[in-house]
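I have placed the structure first, in the form of structure tokens, so that the comments after it can refer back to it.
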Amino acid sequence: MPRQRGLTRGLARFGAWGTALMACWMLALLLLQVLFGRQLERIQTLQLGRDLALNIRLTELTLERYPPSLISELTGLELVVSAQPAAPDRESQAAAQRRQELRQVLCSRLTHCRELRPAPSRAGTPEAWIELFSPLEPVWLRTPLPMARAWPPPPTLLLLALVGATVMTGVLYLLLDVARPLRKLEDAVSRVGEDINREPVPEQGSAEVRRISRRFNAMVHRLAEGEKERATMLAGIAHDLRAPLTRLQFRLSMPELNSEERTRCHSDLEALERITGQFLLYAGGGEREESVECPLDQWLAETVAGQPKDQLQLELSPISLPIRPVALGRAVSNLIDNAFSHGTAPVVVRLRRRGAEVAIEVWDQGQGMPANAWERALQPFQRLDSARGSQGHCGLGLAIVNHVVRTHAGRLSIRQGNGDPGRFSVIITLPVKETKMPDIP
């Protein structure tokens, strides 16, 4: 069945492109007739005039010795002896114009101009009488006039139209069956990193493009399956950690533990909870949340409401932007926690507009990190010993922030300062214009 469907599809495509070729051929033939039909008529008139001029000279020489009937029989020329040859009832304007053009050609090739009169048409072809100089009696030569043929067209026009139709059909094939599907495939390739679970690319176009699209869809499907397995694995790890955490909390509530052991257990418990929370955040990533228009200054004030007010300062400008508030709030909270854990208070959160972008800056008074370590710090499960010495960190904090910022079509960067408002800053930059963000159902 698949082979039969493929054969049927191939025959249908062949018939469609064959029809397109015939339509282009007719169109090219029509255009060529409009553009070059008049030129061909003139060429035909010149050719007929050259042939008739030669026949007229030879016929006039032979009329001095032989009668017109004998000359007509020997040469095949149609000669009529008459002072007034037969004329049609009505001559068309096109036939009269061709007759005048033929007379001008004959006048240019003969020593004396000959008189041309309209002759009755036969088989729908206009004809003319050409006067011959005869010593004994008036003789007329009958000849057809060169007229443009609507159908069938001249072979030259047919060949040129076929070449033009082939070129036009080839261009249409490249545009519709190659270029357009490739543009769709290019757009899909550029968005693979943004949304693995997007709709597959339609398998359209030529056989080669359909084959590439099919393999690309298979690759994206494998990547999506791997992403689901990764999220399931991380969520499973975090879920499995919940049970021992609950048991540990229960044991801490028992009175047998002394204060030192209880403090140590509480510290371990907080570290496990922090690690579990980071695993859950990294597994979720925030893609399932819808983006909403939000006043960023009010949203930031609510996000940092739980932080110590004497160690956190806000410098906010009234700006509204479509965001995923929960996911971006987690990212900002991670940056503030990092500033308190690895930097020096006070921490300054600044919101300001920079041209076509909005910047959320988290400043602290610490030394920060080297610029050459920044890219490594953004990778999952990477810990910088000089900056990640606290308990309960598994190297996912900045990776979570970077992932959330990328889903907002933004970027994450660092900056060193001179103390006003801080010495080290991590900056979230978001575009002002609304950007369509992928939604995973």
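Numbers at a glance
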{"item": "Residue list for region 145-159, filter: open to solvent by 70 Å² or more (accessible area, probe 1.4 Å) and either modelled with pLDDT of 80 or more or in contact with a strand residue (DSSP E or B) (Cβ under 6 Å, 6 or more places away or on another chain) (or both)", "result": "LEU159"}
{"item": "Residues located in region 336-382, provided they are part of a helix (DSSP H, G or I), open to solvent by 10 Å² or more (accessible area, probe 1.4 Å) and among the aliphatic types (A, V, I, L, M)", "result": "ALA371, ALA373"}
{"item": "Residue match in region 27-47 (condition: over 30 Å from ALA96 (Cβ atoms) and in contact (Cβ under 8 Å) with a residue 12 or more places away in the chain)", "result": "yes"}
{"item": "Residue count, region 52-73 (criterion: polar (S, T, N, Q) and over 18 Å from ARG103 (Cα atoms))", "result": "3"}
{"item": "Any hit, region 147-165, residues being over 54 Å from the mean Cα position of the chain (by Cα) and of a type outside the set (Gly, Ala, Ser)", "result": "no"}
{"item": "Members of region 72-88 that are in a helix (DSSP H, G or I) and touching an Asp or Glu at 6+ places or on another chain (Cβ under 8 Å)", "result": "SER72"}
{"item": "Selection count where residues are within 17 Å of ASN402 (Cβ to Cβ) and of a type in the set (S, T, N, Q), scope region 319-355", "result": "3"}
{"item": "Residues within region 202-232 that are assigned to a helix (DSSP H, G or I) and under 30 Å from THR169 (Cα atoms), tallied", "result": "11"}
{"item": "Yes/no for GLU199 being modelled with pLDDT of 75 or more, open to solvent by 70 Å² or more (accessible area, probe 1.4 Å) and part of a loop (DSSP other than H, G, I, E, B)", "result": "yes"}
{"item": "Within region 30-47, tally of residues that are open to solvent by less than 40 Å² (accessible area, probe 1.4 Å), at pLDDT 75 or above and over 29 Å from ARG109 (Cβ atoms)", "result": "0"}
{"item": "Number of the condition not met by GLU186 [criteria: (1) within 45 Å of the chain's Cα centre (by Cα); (2) in contact (Cβ under 8 Å) with a residue 24 or more places away in the chain]", "result": "(2)"}
{"item": "Verdict on LEU27 being modelled with pLDDT of 85 or more, of a type outside the set (Gly, Ala, Ser) and under 24 Å from LEU159 (Cβ atoms)", "result": "no"}
{"item": "Test set (1) polar (S, T, N, Q); (2) modelled with pLDDT under 80; (3) exposed (fewer than 14 other Cβ atoms within 10 Å of the Cβ) - THR276 fails condition number", "result": "(3)"}
{"item": "Tally of residues being charged (D, E, K, R), closer than 15 Å to GLU78 by Cβ and either part of a helix (DSSP H, G or I) or open to solvent by 50 Å² or more (accessible area, probe 1.4 Å) (or both) across region 89-139", "result": "3"}
{"item": "Conditions (1) surrounded by 14 or more Cβ atoms within 10 Å (Cβ to Cβ); (2) at pLDDT below 85; (3) of a type outside the set (Gly, Ala, Ser): number failed by ARG142", "result": "(2)"}
{"item": "Hits in region 54-81 - residues which are among the aliphatic types (A, V, I, L, M) and either within 10 Å of LEU141 (Cα to Cα) or surrounded by 15 or more Cβ atoms within 10 Å (Cβ to Cβ) (or both)", "result": "ILE56, LEU63, ILE71, LEU77, LEU79, VAL80, VAL81"}
{"item": "Cβ pairs under 6 Å, 6+ apart, first in region 299-328 and farther than 15 Å from GLU361 by Cβ, second of a type in the set (Ser, Thr, Tyr) and surrounded by 13 or more Cβ atoms within 10 Å (Cβ to Cβ)", "result": "PRO322/SER291; ARG324/SER291"}
{"item": "Scope region 399-412; condition open to solvent by 40 Å² or more (accessible area, probe 1.4 Å) and part of a strand (DSSP E or B); matching residues", "result": "ARG411"}
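The values are calculated or read from the model by the stated rules, or taken from the named source; none is laboratory data. Computed from a prediction, not measured in an experiment: that's the story for all the values here. Cβ coordinates were reconstructed from backbone atoms using ideal geometry, including for glycine residues, and neighbour counts include every protein chain displayed. Note: areas computed on protein heavy atoms with side chains; ligands, DNA, RNA excluded. Shrake-Rupley method; radii C 1.70, N 1.55, O 1.52, S 1.80 Å.
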